[in-house]
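Worksheet: one structure, shown below.
Laboratory data are not the source of any read-out in this text; all were calculated from the coordinates shown. In this text the structure is predicted, and so the values were computed from the model without any measurement. Ideal geometry is used to build each Cβ from the backbone, glycine not excepted, and the neighbour counts take in all protein chains shown.
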Amino acid sequence: MKIEIFSDVVCPWCAIGKRRFEAALGEFSHADEVDVHWRAFELDPSAPTVPDPGVDTAAHLAAKYGMTREAAVASREKLAAMAALDGLDFHFEKTKRGNTFDAHRLLHYAYEVGLQDELKERLFVAYFTEGALISDRATLVRLGGEIGLDEAKSADVLDEDRYAAEVREDELEARTLGINGVPFFVIDRRYGISGAQSPAAILQVLGEAWAKSHPLTVMSDDPGLACEGDACSI
């Protein structure tokens with residue numbers, strides 16, 4: 001079973017969705033046969049590589065949604081409390097707005113070497129807990145190195161603009177599939193889960209998708225060897 005997860009590394013609901021998906025996968029009896037592929041989605045493609053130090057993320061959020069800064073802070077505090085229930089430690093006051101395109105390119109490289117999920121997790125923690133600047137290439141190289149990526153090769157990937165086409169393909173694919181919000185889970189290109197649904201809801205869809213792609217094979221259809229209706233009533 002292939003599961004493609006469209007998300008951004010600065011999306012709080014994507015981090016929560018990852019935790020809930022992992023909880024569901026832990027209860028799924030065929031988890032060892034699931035291939036997870038994180039796909040790129042930029043929530044704010046216009047975000048700068050070097051942020052304006054005079055504008056914090058709460059002020060940017062307030063301006064974007066037409067609310068006061070106080071209301072934006074209160075909203076984020078509520079979300080942080082919700083994330084804590086899923087074992088996440090959010091510190092929105094530390095976050096720095098930055099472009100995520102390079103992070104998605106590095107995630108493509110990490111997928112090629114079998115470390116994509118580890119890098120995705122490290123980027124979430126770096127952004128939401130530690131306040132790392134995700135758009136900074138040196139920071140990305142360091143974070144990649146912490147989860148086992150070759151730092152020299154990561155630097156080459158970022159400096160040479162490798163995987164840029166793949167990121168654009170992901171974004172085009174998202175538009176083609178009608179995805180306009182993340183996280184979004186695509187299962188075997190037949191089922192979709194929008195948002196950070198509960199582990200129980202995700203598990204139910206996983207079970208339905210598995211049953212659909214692995215129908216039961218009947219080895220005998222001799223009715224004389226089974227009870228049907230009242231045929232065996234005594």
Charge dipole (the chain, unit charges on Cβ, about Cα centre) - positive-most of Ala211, His108, Leu123: Leu123
Test item: Cα-centred dipole of the chain, Lys/Arg +1 and Asp/Glu -1 on Cβ, debye: 880
Net charge contributed by nearby residues that have their C-beta within less than 14 Å of Asp188 (K/R +1, D/E -1): 0
Distant-in-sequence amide H partners of Asp56 (H built 1.01 Å from N, under 5 Å): none
For Ala132, residues with placed amide H under 5 Å, excluding near neighbours: Tyr127
Rounded tilt (10° steps) of 116-128 against the dominant C-alpha axis of the chain: 50
Relative contact order %, the chain, counting alpha carbon pairs below 8 Å whose residues are six or more apart: 28
Matching label, mean projected area of the Cα convex hull in nm² computed from the structure shown, candidates (i) 17.6; (ii) 12.0; (iii) 16.1: (i)
Of all DSSP beta bridges in the range 2-213, antiparallel share, percent nearest 5: 55
Separation in nanometres of the label points that stand 7 Å from Cα toward Cβ, at Asp156 and Ser46: 3.7
Estimated inter-spin distance, Ala63 and Ala200, nm [label 7 Å along Cα→Cβ]: 4.3
Helix 164-176 axis, angle to the chain major axis (alpha carbon atoms, nearest 10°): 60
Rounded Å value of the spacing that divides the Cα centres of the range 132-193 and the range 1-42: 14
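Report the full-extension gain for the segment Tyr191 to Glu130: residue separation times 0.36 nm, less the Cα-Cα distance, to one decimal in nm.
Gain on stretching Tyr191 to Glu130: 18.5 nm.
Near Cys11, within a Cβ-to-Cβ distance under 11 Å, what is the net charge of the other residues, with Lys and Arg +1 and Asp and Glu -1?
-2
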Sum of -39500 (n - 2.57) over DSSP H runs of 4+, divided by residues of the chain (222 nm, nearest 500): -15000 deg cm²/dmol
Acute angle (nearest 10 degrees) that the helix 69-84 long axis makes with the longest principal axis of the chain, alpha-carbon atoms: 40
